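The values are calculated or read from the model by the stated rules, or taken from the named source; none is laboratory data. The structure displayed is predicted, hence computed values, not measured ones. Neighbour counts run over all protein chains shown; Cβ positions are idealised from the backbone, glycine included.
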2 protein chains.
Amino acid sequence: MAARESIGIGLMGLGVIGSGVAKVLMGKPDTLTREAGSNLVLRKLLEKDLSKHGSLGIERGIFTTEFEELVGHPEVDIVVELMGGEHPALEYIKEALTRGKHVVTANKEVMSKHWSELLTVARDHKVTLRYEASVGGGIPVIALFQEDLVANDISAIYAIVNGTTNYILTRMAKEGLDFSVVLKKAQELGYAEADPANDIEGVDAAYKLAILATIAFGTEVRPENVYHEGISRLQARDFRYARELGYAIKLLAIAKRVEDSVEARVHPVFIPEDSLLAKIDGVYNAIHVEGDLVGKVIFYGEGAGPRATSSAVVSDIIKIAQDINHEARSVLYRLPFASGRTVKPMVDIETRYYMRMSVADQAGVLAQISRILGDHDISISSVIQKETDPSTQIAEIVIMTHPAKEQAVQQALKETERVAVVKEISNFVRVEA
Amino acid sequence: MAARESIGIGLMGLGVIGSGVAKVLMGKPDTLTREAGSNLVLRKLLEKDLSKHGSLGIERGIFTTEFEELVGHPEVDIVVELMGGEHPALEYIKEALTRGKHVVTANKEVMSKHWSELLTVARDHKVTLRYEASVGGGIPVIALFQEDLVANDISAIYAIVNGTTNYILTRMAKEGLDFSVVLKKAQELGYAEADPANDIEGVDAAYKLAILATIAFGTEVRPENVYHEGISRLQARDFRYARELGYAIKLLAIAKRVEDSVEARVHPVFIPEDSLLAKIDGVYNAIHVEGDLVGKVIFYGEGAGPRATSSAVVSDIIKIAQDINHEARSVLYRLPFASGRTVKPMVDIETRYYMRMSVADQAGVLAQISRILGDHDISISSVIQKETDPSTQIAEIVIMTHPAKEQAVQQALKETERVAVVKEISNFVRVEA
């Protein structure tokens, strides 16, 4: 069968990522044609700001403000959605699939919230929906689960998938600075947005983890079922204690298969300082995966930015173009099989904990706290008590526990807080070995 | 189109890897059937030792000692070659492809020496030849280049692809031991073979690099064109100097695109101790890739062993089964495009060098050495001279150079060796920044 001379692209959204992809599509035609087997031709570009064509050198005639002009164009084979946000991206993707267009998207919010629905529409209309760029930027993590580790039963994912928070945590650890100081610096450098809530509260990472857990475990994990907790409570002293105890602090997206359920959670974690994930610095991303055959594999790379993201988007386009030329349909529409697994409520997880608290410097304080923990089946693995501040007579105690139930720990901390000699539960952080 | 009920496998070779793959094929049918879309059924097993069926619980009737019985079996769709070695694996693979069977192999020697020939036979007979397990064990590195980074122009690969040598180097670095001592320990533990030459001399890594460079750069790189040098010359003192200078020592497989040529070489390298590759310890593998869009990505995992290797072999089988069910043919038969690039001779490379030499403790020795280096356009970036051994009056000098031409360095070392006050050129190691 002969390859088609050209395959048409309709691109939606010409922001930072969209412009990056447009540049690649226009800038390296030899490589793309060789790999795709056909010329990849930008046929339509949906963008409100029509003045953008000038700076990118894109022919003015292909710009439109009307979705219908793009989706209805007979020579658009692949619709590439890079608008971001839930609406109208969701509706546009659905409409494009319904009308027989293949779709490539980098939209983690839409994919995490509507994964099953969109994949069903794609399957029903015999088209492909690819979304490699929705997690991990240029690192091919979706392909890892859907194509390369398919012989494995996956047991765990530990992932650094948000560059903004990893950048902030790296500087807090290295420079001994507090959260708010580093956030400001990150905003000045463009590594954090003016409204950073989605990143620093773990929402972005929860979207990405929902997608990874869904495809890794064959169970639809929805973002609202992913527990998420951000990094804003961390203080410089937590990093000092972590180092003293042999740990680094990272915001991890964690998904595990535990018997018939799946854990899916995003929160700061103490991890051993000699682990590879502890060494992932700055805006980089890394995904640690454990499978029954492959053991542990780690993928590392740039998790954001227009060039890294365009690597994933354009590779997705090329894969679809190859399938068109081979008259094949990829199997990526495979929906979650009936694994019967449910997402475990956060209160039911079991892990180790770091707790930091301020207490009155009196005899018997540690005994009182230990008793409360013991009453909840929480056993202590180590304690650090530093010299007391003479002016306030307040001491700081740090406790590391053995594995304990989240619910028990939450309850014990509430009770501990009510003890008169305990001035404050300053922080607690989960620990992964 | 309906999926086939079953797809037949013919497995050749029941050694460590073959047994591992057989166990997976028989041990987790639910996962494999779900992913492949059909039952994967072991139809024939080519193995000289017919007694092996017992321990694996494989039906005796499918064993054969005759290749023809396997390749001629009408229900064998995919031939899996896990015999290892060049012959007769090469002839069997070629014959299987010629007779319309898809082939999966883990054979780095055959793939590196006969890549172009075998891919041509596969293309001509419209079948697929997959070889993910030939490099990096369970880490999907072949897929990375052939499927996931296809939008990129690759500029460099730095890879730890031999677990035996990485294990030896890790112990030499951590325990201050000499090569021969650690080699013996590695052999006792089964991490090195009784005849370890292929691993420690870099031959195994050169095979793997030839495959990676060929698919990454679209230029057929043959193993005989890959310069290789092993780790046996390294001594405990080289690791001490490396640490003092801020480096680790690793056996790296390096391939770079430099203008119109490709560098491909395997040798010990000084790499900055804070780089991620410097932190890859023990038998693990890691592949660092640089692409124009993706930036740098690093893949890490187990590079050998029956379970990790079976992850790659069985995933390859599943991909072919999916293609059979979708009546599609993968594009993996793509042959090197006419990139016009040639492999650069080793003498033409340019890098930095570490040199260690024993010299008489006399005035003017360093001046003499510097003059010779200077005559060859080699400039010195730093020098370490330790206190002289009073009994022998021999001093040890370590020189780090700025980037210089390999040919010039080789020539300069020869001339230096002839200087009367120079007792010995003890070692030299290339440096990558």
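Summary table below
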| item | result |
| --- | --- |
| Residue in segment A:263-275 that is among the hydrophobic types (A, V, I, L, M, F, W, C) and within 21 Å of B:ALA278 (Cβ to Cβ) present | yes |
| Scan of segment B:292-314 for residues that are touching a helix residue (DSSP H, G or I) at 6+ places or on another chain (Cβ under 6 Å) and hydroxyl-bearing (Ser, Thr, Tyr), ordered by number | B:THR309, B:SER310 |
| Helices (runs of 4 or more DSSP H) contained entirely in segment A:50-109, each with at least 3 residues that are within 20 Å of A:GLY27 (Cβ to Cβ) | A:53-56 |
| Matching residues in segment B:76-92 - criterion: being in contact (Cβ under 8 Å) with a residue 12 or more places away in the chain and of a type in the set (Asp, Glu) | B:ASP77, B:GLU81, B:GLU86 |
| Meets criteria (closer than 18 Å to A:LEU144 by Cα, more than 18 Å from the chain's Cα centre (by Cα) and at pLDDT 95 or above) for A:GLY295 | yes |
| Odd one out for B:VAL181, checked against (1) without any contact (Cβ under 8 Å) to a residue 24 or more places away in the chain; (2) under 16 Å from B:SER112 (Cα atoms); (3) not acidic (Asp, Glu) | (2) |
| Which numbered condition B:MET111 misses (of (1) farther than 27 Å from A:LYS296 by Cβ; (2) at pLDDT 95 or above) | (1) |
| Boolean, B:ALA122 is closer than 30 Å to B:VAL226 by Cα and either in contact with a strand residue (DSSP E or B) (Cβ under 8 Å, 6 or more places away or on another chain) or at pLDDT below 95 (or both) | yes |
| Lone qualifier among A:ASP375, A:ASP389 - being farther than 17 Å from A:ALA242 by Cα, without any contact (Cβ under 8 Å) to a residue 12 or more places away in the chain and more than 31 Å from the chain's Cα centre (by Cα) | A:ASP389 |
| Residue under evaluation A:GLU59, criteria (1) exposed (fewer than 15 other Cβ atoms within 10 Å of the Cβ); (2) touching a residue at least 60 places away in the same chain (Cβ under 8 Å); (3) of a type in the set (Asp, Glu), criterion not met | (2) |
| Candidate set from segment B:142-181 (those that are aromatic (Phe, Trp, Tyr) and under 30 Å from A:PRO306 (Cβ atoms)); member that is modelled with the highest pLDDT | B:TYR158 |
| Given (1) surrounded by 16 or more Cβ atoms within 10 Å (Cβ to Cβ); (2) more than 23 Å from B:ALA122 (Cβ to Cβ), index of the condition B:ILE7 fails | (2) |
| Scan of segment A:187-219 for residues that are at negative phi and either touching a Phe, Trp or Tyr at 6+ places or on another chain (Cβ under 6 Å) or assigned to a loop (DSSP other than H, G, I, E, B) (or both), ordered by number | A:LEU189, A:TYR191, A:ALA192, A:GLU193, A:ALA194, A:ASP195, A:PRO196, A:GLU201, A:THR214, A:ILE215, A:ALA216, A:THR219 |
| Close pairs from segment B:138-154: first more than 7 Å from chain A (Cβ to nearest Cβ) and surrounded by fewer than 24 Cβ atoms within 10 Å (Cβ to Cβ), partner among the small types (Gly, Ala, Ser) and not in a helix (DSSP H, G or I), Cβ under 7 Å, at least 6 apart | B:ILE154/B:GLY291 |
| Selected residue [polar (S, T, N, Q) and farther than 25 Å from B:ARG237 by Cβ] from B:THR164, B:THR128, B:THR170 | B:THR128 |
| All positions within segment A:24-49 that are touching a Pro at 6+ places or on another chain (Cβ under 8 Å) and either surrounded by fewer than 17 Cβ atoms within 10 Å (Cβ to Cβ) or of a type in the set (Ser, Thr, Tyr) (or both) | A:ASN39 |
| Index of the failed condition, B:GLY282 passing every other in (1) more than 14 Å from chain A (Cβ to nearest Cβ); (2) of a type outside the set (A, V, I, L, M); (3) not in a strand (DSSP E or B) | (1) |
| Extreme residue, nearest to the other protein chains (Cβ to nearest Cβ), among residues of segment A:26-47 that are over 22 Å from B:GLU147 (Cβ atoms) and not in a strand (DSSP E or B) | A:MET26 |
| Some residue of segment A:238-258 being under 23 Å from B:GLY301 (Cβ atoms), facing another protein chain (nearest Cβ under 9 Å) and either touching a strand residue (DSSP E or B) at 6+ places or on another chain (Cβ under 9 Å) or touching a residue at least 40 places away in the same chain (Cβ under 8 Å) (or both) | no |
